[in-house]
Every structure is written in C-alpha cells, then in structure tokens.
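Each remark here refers to the structure printed beneath this line.
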Amino acid sequence: MIVAASLLLAPGITGCAASLKLAQLVVADNDRELRARPKTSPPNSPSHPPILFLAIDGVDRGLLYDLLRKGELPKLASLLGGAQPNFPHAYFDDTLLSTMPSSTMAAWTTVITGVGPGEHGITGNEFFIREERRLGAPAPVSFNDSNPTLAIYSDDYLDSLLTVPTLYEKMREREPNILIWVAIHQLYRGADRLLFAKSTILAQAFEEGLIKLGDAVSGKPDRPDRGLYEKLDKDVIAKVESDLDGKSPVPDVLTVYLSGTDLYAHVAEEGPVEARRAYLREVVDPALGGLMDKLREKHGLEGRWVVLTSDHGHTPVLHDEKHALWTEGDDSPPGLMKKAGYRVRPFEMDVNATDDFNAVLAEGGATAFVYLADRSVCEAAKTVCDWKRPPRYQEDVLPMAQAFFLNNQDGSLAPRLRGTLDMILTRRPKPYEERDLPFEVYMGDGRTVPVGEYLAQHPHPTYIDLEARLRDLAVGQRGERAGDILLLAHNGDREQVEDRYYFAGLYRSWHGSPSRQDSEVPFIVANPRLSTAQIQQRVSELLGPSPRQQKVSDVLLDLRSGDAPPLSPVRAGHAPGI
Ligand SMILES: [Zn+2]
C-alpha cells in the first residue's frame, strides 16, 4: 500500500484526531476481538483443511518466482513444501492479473470479495462516492492525512466502504465455528481477530514521516533507512507467533499481510527491483521462517494449504516535480481543471457542506479519476451541487475531456502536462444506482472509440488485457466510482524512466498501470500432501483462462471446502517437511 502522510513521527504528536485513533489502538493493545464466540460453541472448525494465506504487497510475479527458483528464499520454499526438485508440492500460476488500477486497495478488496471494483466499489486508493458527496480514501494519494489509514484498523474503515460480503463472511456462513485470524490486512470483516503491531500501523499511516526519519537516521536527505520498514514486518510476524503460543487452537484460516516490500520499494534509492529482491531475501524470508517454525511446533502445518499472492508490481519513476503530477500549482491537473472553468473539490478528506465544487480529482499513480456534477443545478458560484444526479455528457463531461485532450497536445492550459497522458477515457454517465457503461477512448471533438478498437489501431505491447480489466473497474453497480473520466498517464507504456509520469507526490517507484510489470502477480498454491499436478488440476480449473484477482477468493473457498486431511500421528519418514 502507499500512504502519503503528514510529517509527524513520535507518538502523541500526530494532531488531535490521529492521536485519538492512536490512543484507541493503544488501548486495544495488539489485537481486536472482532466477534464474540458463544462459550458453548466449539473453538474452531477442524473438519476442513486449514489455510495459511500470505499476502505480500507490491511484489510482481517474475521477481518472486525468480528468487524462489534460484533458491534465494529458502524458508519460503520450505513453507511451500520444499524446493527439490522443482517445488513438488506447489503450483506456481503464470496467468493471474491485478485489477485496474493495479493498486493496493482496489486489488486486495477484489481478492477478499471475489468481485471486481465496479461491484465492490473500492476503485482505487482514493475515489469519490457521489451519492454521499464524500471521498473514500483508505490510502490518500492527492493529499496528506494519516487518519483514514489508522481508521482501517481502529474503525473498520475499509470494511465500512464495502457493500458486498468478504471471503471470511462467506466461509463463516458455511462453517459458523471457523476460526479466522487476520494479521494487519485491510479487510477482515467476518474474521475472529485482527492482529497488528502498533509500529506497523504507525509506519503505514505515517509513511512520509518515516522517510524523513530515515533521512535523519542515515544522515543523507532522501535516503530512507530500510531498517524502519523491516521493523514493520518483523513485528507483525512476532505478534502472530506470540499469539500462536496462547491458549487458542491454531486458526483454521490465518491471513498474514506484509507491507514493507511495497512501502520501501516506493522510496528506495536503489530502485524497486533491487530493493525488493534484497528485502524479500533479507527480511521477508527469515520472518516467514520464524512463522513456519512456530506453526510446525504447534502442528499447525499438517495438511495446511499455503497460498501466496500479491496485489501489484512496481515501475520506477523519477523523483521530481516534472514527473509527479500532483495537486499543487497552476500547471497541475487540478490547475488545468480550474482553467477549464470547473470548481475543483479541495484536496482533503472532508470538505465543508457548503463548498460549491463541481469537479473532483482522485489520484492513484498511473491513473486518476475525474468526477463531474450536473452543473445546470449549481451554475452560480457558492451554489452547492447535487451530486446524486449524474452529470450531463455533452455539457459537463465532454468539455473536461476536451480540455485534457487539447492540453495534452498543445499544453495551452497547463504547459507542464503537455504530452503526459497516454489515454483519456470516458463514457456516458448513468444514475449512480444503475450499472455503468464501459469506458471508451476519447479522440477529441466529442468522439470516442471502444478500447479494443483503439488498441488495434494504436498497439500498446506492454499493456495486458486492458479492455477486460477496465470493464471490471467501470461496469457494475459501483462503476461510477471509477469516475466520469479516467486519465491514464504515460507510464507503463514507456521504456525510459524519464518518459514516465504519475499522479502522486514525489516517489521513486509507483504502479497502477495496465503494464505487465505492474499487473502480473504471483499466485502459488501448495499442500505438502499433494503433487504439483494434483494442485494444478484443481486450481487451474477454478481460475479458468485469463484470470483476474476475483478468482483468488474462489480458490480459497474451494480449498477450504474439502475434507480435512487425516491427522497423522505416525509421521512417515519420507513425508515432506511440513
Ligand atoms: Zn504501493
């Protein structure tokens, strides 16, 4: 995940509201009991196979598989049933793709709900909820505010933005006594416990602060100290290990989320590839080794499925104001929108009920969403728009699309933005309660063409399955949350780093594009009692051709639906290690 946060570091200096949230988390200690289990009901549901679900943020498929196959992650290899020869108890999928945008909140929500962003409504790290005239921003990008990220863990913030059931709720419906622990993942509705380490939450929420602190520690400006990120993941694993030592049975389903890979990759001076390789080798692998040892000690790995995936990859970008299309100044995206005659929503979590904005910009790395009001009912300044109404296509949407289109050619409104956009996508608006139309590519002068047709004429060899993934994002009950206009920056289509742009503050790496590099995610399913071929048959049937992240939830539900493996009091000498 990525969070642009305020520059506040030490506990207690985080501003009023944040301090309050922190205080709540501190009081809650290191976990939250999410549901009360009646004293008379069994503590778990051991008649189905247990699952360890490893969710590692910001790691693309090629990078992780390469490290595993080269033997550079020996502990993870052992957790997957051993590497010799060729991971005989694990299936490495080579087909799964991230959501569009390939970003944390949209992707993980898709994994945990089994439906695409157009249905679950978490279309990005930030988005606009027009019928409530408010922003949903589980990880703000266009402004600095740490509260929403803290609220994910203290107040079910991301869960509360969801209108569809989670994987855990579906599991519990089938098995009321199932015992589910979730370590720090953003969605946990339906689980028994949320486990977290305070340092991790702090680091996620105050990421920018962490960078500054890193500078101070290293003594070199803009040189983040990796040690601060390492602590996050180590603390989370340590928390899970210590809870496994408690009285509770080992959970039937244990989800463990590691975020340091992504947080560090965004800022690392050595670039995201080198940064993540070293981080996985030196931090993640040893930490998973500790978790494995503890689970083994508790006989918690016997017959347990181990499933590993990630949300998106990474693409290096330049850390300067030319390439970071943020929100400040006349030459910025909102600067252009203002010059085109729109009143832009201020960049903060909450704005006044009397604010007269008629346009909203939500940012997210390679993509940004633009939302427009029906300006006929709030024409005069200081008139509040009725955001429950859809905008008018001709009068509200097209003039904005045209302004971005022309400026992209000639820079007449905002010179800095000239030539920064690869595509401007739009569609005829629908009322928010209705299913939305797919995006088409805006060609100027009010004309649009379907995405497939456009790509046939303008090949984008690095983009993968763009039309279908845009459909997942835009078409659905909540498809309007992907905006009336979607801006896709030149980023994943560009070979040279100096030709890539991103909608965010200054970073060294981002994601969100439809490129292979951002979109191909790992998906590994392992079981010590089965062969690769057996697992592959089951999993690839469930995934089907060209799978996207919705399918992960189907696989997890299916793995849990089988019979529990027989307990093995006599361990055969030749049995695999776990
Ligand atoms: Zn990220």
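With Cα atoms as the point set, the radius of gyration and Dmax of the chain evaluate to 23.4, 80 Å.
For the stretch 414-443, the set of GluC sites (Glu not before Pro) satisfying both a DSSP loop assignment and a count of at most 14 other C-beta atoms within 10 Å is given as E433, E434.
In the stretch 306-381, Rg over Rh equals 1.11, where Rg is the alpha-carbon radius of gyration and Rh the Kirkwood radius from pairwise Cα distances.
So what is the 222 nm mean residue ellipticity for the chain from helices alone, if each DSSP H run of at least 4 adds -39500 (n - 2.57) and you divide by all residues, rounding to the nearest 500 deg cm²/dmol?
-9500 deg cm²/dmol
Ordered from longest to shortest, the equivalent ellipsoid semi-axes for the stretch 130-192 are 27, 14, 7 Å, each the square root of 5 times a Cα gyration tensor eigenvalue. Net charge near W108, counting Lys/Arg +1 and Asp/Glu -1 over other residues with Cβ under 9 Å of its Cβ? Neighbour charge sum, excluding W108 itself: -2. With a Förster radius of 41 Å applied to the C-beta separation of L437 and Q537, the computed FRET efficiency comes to 0.60.
Modelled this way, with points 7 Å down the Cα-to-C-beta line, the labels at R281 and T40 are 5.8 nm from one another. Computed about the Cα centre, the dipole magnitude for the stretch 33-114 is approximately 400 debye when only Lys and Arg (+1) and Asp and Glu (-1) carry charge, each at its Cβ. Rounded to the nearest 0.05, the FRET efficiency derived from the C-beta distance between T163 and V497 at R0 = 51 Å is 0.85. Expressed as a whole percent, the accessible area of the chain that falls on carbon and sulfur atoms is 52 (1.4 Å probe). Here the chain is treated with +1 on each Lys and Arg Cβ and -1 on each Asp and Glu Cβ, and its dipole about the Cα centre works out to around 1060 debye. Per-residue packing, averaged as other Cβ atoms within 10 Å, sorts the ranges 402-412, 142-152 into the order 142-152, 402-412, beginning with the highest. Subtracting the Cα-Cα distance of Q409 and H299 from their residue separation scaled by 0.36 nm leaves 33.3 nm.
Taking Lys and Arg as +1 and Asp and Glu as -1, the other residues whose beta-carbon sits under 14 Å from that of L161 total -2.
Summing Lys and Arg as +1 and Asp and Glu as -1 over all other residues whose Cβ lies under 12 Å from the Cβ of Y454 gives a net charge of -3. Taking amide H as placed 1.01 Å from N in the peptide plane, S45 has its amide H under 5 Å from the amide H of L179, D252, each at least 5 places away in sequence or on another chain.
In this structure the chain gives 36 Å² per residue of accessible area when probed at 1.4 Å with all protein chains present.
Across the chain, Cα pairs under 8 Å and at least six residues apart give a relative contact order of 26 percent. Here is the P(r) of the stretch 311-445: all C-alpha pair distances, binned every 10 Å from 0, give 11, 40, 36, 12, 1 in whole percents. Pairwise alpha-carbon distances in the stretch 28-176 exceed 20 Å for 64% of all pairs. Stretching the chain fully between K322 and K382 yields a gain of 18.3 nm (0.36 nm per residue, less the alpha carbon separation).
The values are calculated or read from the model by the stated rules, or taken from the named source; none is laboratory data. A quick note: this is a predicted structure, and the numbers were derived from the prediction, not measured. Glycine also receives a Cβ, built like all others from the backbone with ideal geometry; neighbour counts cover every protein chain displayed. Accessible surface is based on the protein model in full, side chains and every heavy atom, while ligands, DNA and RNA are left aside. Shrake-Rupley method; radii C 1.70, N 1.55, O 1.52, S 1.80 Å.
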